[in-house]
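Presented below is the structure to which this report refers.
The values are calculated or read from the model by the stated rules, or taken from the named source; none is laboratory data. Owing to the predicted nature of the structure, the values given are computational and were not obtained by experimental measurement. Neighbour counts run over all protein chains shown; Cβ positions are idealised from the backbone, glycine included. In case anyone asks, the SASA skips ligands and DNA or RNA and just uses the protein heavy atoms, side chains included. Shrake-Rupley method; radii C 1.70, N 1.55, O 1.52, S 1.80 Å.
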Amino acid sequence: GGLAGVWAEENSRDALFEAMRRKEAWGTSGPRIAVRFFGGADLPENLCDAHDFAAQGYAKGVPMGGDLALSAGATAPRFAVWASRDPGTADHPGTPLERVQIVKLSLDAAGRTQEHVYDVAGRPVTTGVVDLATCQTSGEGADQLCATWSDPGFDAATPALYYARVVENPSCRWIQYACNERRIDCNGSVPPGLESCCDASVPKTIQERAWTSPIWFTPRR
């Protein structure tokens, strides 16, 4: 199942609820991926090289879940995103990260929702490989990814929201683990309930992911 995380000042009930009220939260499809996301007009372009990434993000911008206030006629704000893979355990290490994306939602002149997805870090083409017989993974991937980015289509007169999405390399779906554990032979008799093991239309791999709460931009009137 999925997981949720929050960035809190300490591991206490009050701090956790304050983080939830700020909406400084993210979700994952299951792995323990960690991600931070900031936006602001004054975020430095080289923020990923800074040792105080989060401190500068708070001081010069707003975190995920925040509202981005810009003056009329402002130029595009800068967004900064950092992500770290699920470390897993010695016996079951986490899967490397493939890419980080920033997703923008806005309204066009007719009031229709428009979505744009930007690859901002990592590899835009999947290179990870999964051995379905063992569910072992291979291929290039990252332990951490970080990027700063400015919206090339920014319009200071149009409301928009932005959130970050982190995508892992491919790994086995739960059904493939079940098929391997039961040693299903598709050339023989398949036990009831495991017909999906031999159904070519059923995906055998998945790319787990994480996504942040959005940063909202509302034009000043």
I'm trying to understand the selection: among the residues of the stretch 86-127, which are touching a residue at least 60 places away in the same chain (Cβ under 8 Å), within 20 Å of Gly57 (Cβ to Cβ) and out of contact with any Phe, Trp or Tyr (no Cβ under 7 Å at 6 or more places or on another chain)?
Leu97, Val100
Take the stretch 133-164 and flag every residue that is of a type outside the set (A, V, I, L, M) and closer than 23 Å to Asp49 by Cβ.
Glu140, Gly141, Asp143, Gln144, Cys146, Thr148, Trp149, Ser150, Asp151, Pro152, Tyr162
Val125: over 21 Å from Ala8 (Cα atoms) and assigned to a strand (DSSP E or B), yes or no?
no
In the set Pro87, Pro96, which member is within 14 Å of Glu168 (Cβ to Cβ) and touching a Ser or Thr at 6+ places or on another chain (Cβ under 9 Å)?
Pro96
Quick one: is Val125 within 23 Å of Cys48 (Cα to Cα) and at pLDDT 95 or above?
no
Name the residues in the stretch 128-143 that are β-branched (Val, Ile, Thr) and open to solvent by less than 50 Å² (accessible area, probe 1.4 Å), would you?
Val130
